[in-house]
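Colleague: Handing you this structure, nothing more for now.
The values are calculated or read from the model by the stated rules, or taken from the named source; none is laboratory data. This one's a predicted model, so the numbers in the text were calculated from it and none came from an experiment. With ideal geometry, Cβ positions are generated from the backbone for all residues, glycine too; neighbour counts draw on all protein chains shown.
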Amino acid sequence: MQSDSTGIWYFECDVSDIEAHLLNLQSRSVIYPDECEYLIKNLHKLHATSEQNTHGVVPLCHRCVTLIAKDDKVEIVINREQEKIDHVTQLPLRVSLLRQLGIWYEQDPEAITGICLVELDDFSDINDTIGHAAGDLILFEIARRLERYHGSRFKLVRLHGDEFALAVTQLDDAEDIWQVSKWICEQFEPPFMTQKGAVFLTPSIGLSLNINTGEEPVTLLESAYIALNHAKDDPLTKEKLYNPQQEHTLTRQVLLEAQLNQALTEENSLLVWYQPKQDLHNRQINGLEALIRWNHITEGLISPGEFIPLAERTGLICSITDFVVRQVAKDIPKLRMHGFTGKVSINISANDFMRANLVDSLLALLKPYNIDTSDIELEITEGAFISDFDHCILLLTALRDAGFALSIDDFGTGYSSLSYLTRLPVDTIKIDMSFVRELARCEQARQIYKGMIDICKAMHFDVLAEGVDDDAQREALAAIGCDRIQGYLLSKPLPVDKLGDFLNK
């Protein structure tokens, strides 16, 4: 036996003696037992290859053990170097996972194997608030908790960032992967203790099984990533099992993203339509909401419910906001010609709210059209306040000082709190349509809605109800003090040319 400076050992043996040497190898190579089992199990392949090839071949090769047949001799090469380890978590890396999946398949092609791909929700906020050093300690603790998995055949690795993968094989049936996922979630129930206090984390988990994806290790991992993306997008459940339809959806999202980017540069692809708002005291139209529409070149109008979330995930929403502001500035003179004197509201997303130059950007977009900021109302969703409330207060104040009217959209569905409501420098509270649907037929819903309106009115906010579809809802809202409404009862969103006819009525 001989060794070189790389930590690789070489020795030769007769083909007839190979099994004894492999058994000896198995007893000594405690780090890589699966590779040894694999070699012994496939011994007949080595015999067949060595008998048929007199020039030397490499019939079987793994990172730590290589067998090379040379005539009637077999050279066994053992790489004693440790596999690469992540220095933060002390876990193996992605390449180790793919290798292990391949070994499992060679050992038992019929075995059910699955991956649980784990990503931490909002972990970047942890690094930003308590520091990267504390974040690394949390990652280390997560690794220790997940290492306690009780299965006999599993592989745990850190992929990158806040992503971990737990692969398991020899599952009894496909449903077992859900039990593994449930166990992973349970490991996140106890808080993670840091010098700055307890930190609570939740995971999103993408699951994949080889019975759905085939035997290729890379495909199994990629399928888990597809499922993970769907898990992160679902507000109701953070665990998703891969199915081929998800891949179709992801492919469509990739295509739509590219096409949406292109639509921003084309005429007549993105459109701005307007939905009226009515004053319940005099029943006059006193406001319009600008809503983006996408007239796809082959599919026609694509639902905003499909492309707006896509734009928010990819960052295109900021470009869409700029497009809407410019189009509204162009349309306001036309609306004034039809006698409309109210404000036009524009939606500002949480992504927009994080732009450092939001106020200056809006002013610059309006300037070429000589549109005054007093003509514009900005609707901000509650979700924009979650990340940094104090920053939001400063930004809202700056927007109001610049002359914009301000409205809180979808109130009651997200970060609702009386403590923050008292500090917001806004004019209007827009109560979400989910409350309106039960208003006319449910007394309890009516009382809840009335309580919300009373609180808002006591703080001198204007109150608008969205999603009003029939007269019964309108009359119920008027009876409990709501100021304005918006919904299909008045009109669906209309392009500016048809809106003129509506206003003239």
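Colleague: Which ones in segment 376-401 are more than 25 Å from Ile308 (Cα to Cα) and surrounded by 16 or more Cβ atoms within 10 Å (Cβ to Cβ)?
Modeller: Arg400
Colleague: Hey, among the residues in segment 254-270 that are buried (at least 18 other Cβ atoms within 10 Å of the Cβ) and of a type in the set (A, V, I, L, M, F, W, C), which one's farthest from Val496 (Cα to Cα)?
Modeller: Looking at residues that are buried (at least 18 other Cβ atoms within 10 Å of the Cβ) and of a type in the set (A, V, I, L, M, F, W, C), I get Leu256.
Colleague: I want to confirm something. Restricting to segment 418-471 and keeping residues that are touching a strand residue (DSSP E or B) at 6+ places or on another chain (Cβ under 8 Å) and either in contact (Cβ under 8 Å) with a residue 60 or more places away in the chain or of a type in the set (Asp, Glu) (or both), which single residue is surrounded by the most Cβ atoms within 10 Å (Cβ to Cβ)?
Modeller: Leu464
Colleague: Mind listing whichever residues of segment 185-223 are assigned to a helix (DSSP H, G or I) and at pLDDT 90 or above?
Modeller: Answer for segment 185-223, where residues must be assigned to a helix (DSSP H, G or I) and at pLDDT 90 or above: Cys185, Glu186, Gln187.
Colleague: Mind telling me which of the residues Gln284, Gln278 ends up being buried (at least 17 other Cβ atoms within 10 Å of the Cβ) and not basic (Lys, Arg)?
Modeller: Gln278
Colleague: Could you go through segment 173-185 and let me know if any residue there is among the hydrophobic types (A, V, I, L, M, F, W, C), without any contact (Cβ under 8 Å) to a residue 60 or more places away in the chain and touching a Pro at 6+ places or on another chain (Cβ under 9 Å).
Modeller: Yes, segment 173-185 contains at least one residue that is among the hydrophobic types (A, V, I, L, M, F, W, C), without any contact (Cβ under 8 Å) to a residue 60 or more places away in the chain and touching a Pro at 6+ places or on another chain (Cβ under 9 Å).
Colleague: Within segment 404-424, identify whether any single residue is of a type in the set (Asp, Glu), modelled with pLDDT under 90 and more than 20 Å from His281 (Cβ to Cβ), and answer yes or no.
Modeller: Within segment 404-424 (the criterion being of a type in the set (Asp, Glu), modelled with pLDDT under 90 and more than 20 Å from His281 (Cβ to Cβ)), the answer is yes, since at least one residue qualifies.
Colleague: Something else now. Being outside any loop (DSSP other than H, G, I, E, B) and surrounded by fewer than 17 Cβ atoms within 10 Å (Cβ to Cβ) is the filter here, so list the residues in segment 328-358 that pass it.
Modeller: Of everything in segment 328-358, those that are outside any loop (DSSP other than H, G, I, E, B) and surrounded by fewer than 17 Cβ atoms within 10 Å (Cβ to Cβ) turn out to be Lys330, Pro333, Lys334, Arg336, Met337.
Colleague: Find the residue count for segment 472-492, including only residues that are assigned to a helix (DSSP H, G or I) and buried (at least 16 other Cβ atoms within 10 Å of the Cβ).
Modeller: 4
Colleague: I'm trying to understand the selection: among the residues of segment 483-502, which are of a type outside the set (Phe, Trp, Tyr) and over 36 Å from the mean Cα position of the chain (by Cα)?
Modeller: Across segment 483-502, the qualifying residues are Asp483, Asp497, Lys498, Leu499, Gly500, Asp501.
Colleague: Another question, then. Out of all the residues in segment 135-157, is one or more part of a strand (DSSP E or B) and either in contact with a Lys or Arg (Cβ under 6 Å, 6 or more places away or on another chain) or aliphatic (A, V, I, L, M) (or both)?
Modeller: Yes, segment 135-157 contains at least one residue that is part of a strand (DSSP E or B) and either in contact with a Lys or Arg (Cβ under 6 Å, 6 or more places away or on another chain) or aliphatic (A, V, I, L, M) (or both).
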